[in-house]
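Take a look at the structure below.
What follows draws every value from the coordinates through simple rules; no lab data is involved. None of the values given here were measured: they were computed from a predicted structure. Cβ atoms come from the backbone with ideal geometry, glycine included; neighbour counts cover every protein chain shown.
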């Protein structure tokens, strides 16, 4: 049973470009969470999705950021018109239910030049 | 007020020492609690679940204090390899992470 997969592992973008981060949850997991972590800081919750639905996006910036988890395929975190402050590690986690432990992917490290 | 709060540390302890971290939660209806470990530039990994009666796994002991609304993680006989950030997670219908407590074990 493969773990949570994220790609790319490293992503470099110039200011103003778009960044697309993908997350494939563990088999059988329908709950997906996205977190952002700045260097030397803690995990910051961004969004919680269940298949085709956004359950909680209270941690997501109102502009430029969007997330989806389609019926088929991975969950996507999309950042439009990236700025230097978006540089961070973005972790995805999945769980089988809302109150089970979360299993994390290896993260995508986004660098904005 | 945050759902889950932790002292960020850092905790610097000598090898062999016993160290304990606490994590407070604000929602008295919280039922599920976990401790994770995160190494530098790596993803968090589950260390142990926290059961109502307390549980132990080798040198690690997790406890829940419902009256005071906190969970704790005790590490006995600290090893250099225990150096990491320890994150707690807890909640009722939704689970929330603390910001993590950094531990450095010194030779």
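Below, the figures for the structure above:
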{"item": "Averaged over B:80-91, number of beta-carbon atoms from partner chains that fall within 10 Å", "result": "1"}
{"item": "Computed over chain A: relative contact order in percent, which uses C-alpha pairs under 8 Å that are six or more apart", "result": "37 percent"}
{"item": "Neighbouring partner chain Cβ atoms per residue of A:37-50, average, 10 Å criterion", "result": "3"}
{"item": "At R0 = 41 Å, FRET efficiency that the Cβ-Cβ distance of residue A:80 and residue B:46 yields, to 0.05", "result": "0.80"}
{"item": "Relative contact order of the range B:1-67, pairs being alpha-carbon contacts under 8 Å that are 6 or more residues apart, as %", "result": "21 percent"}
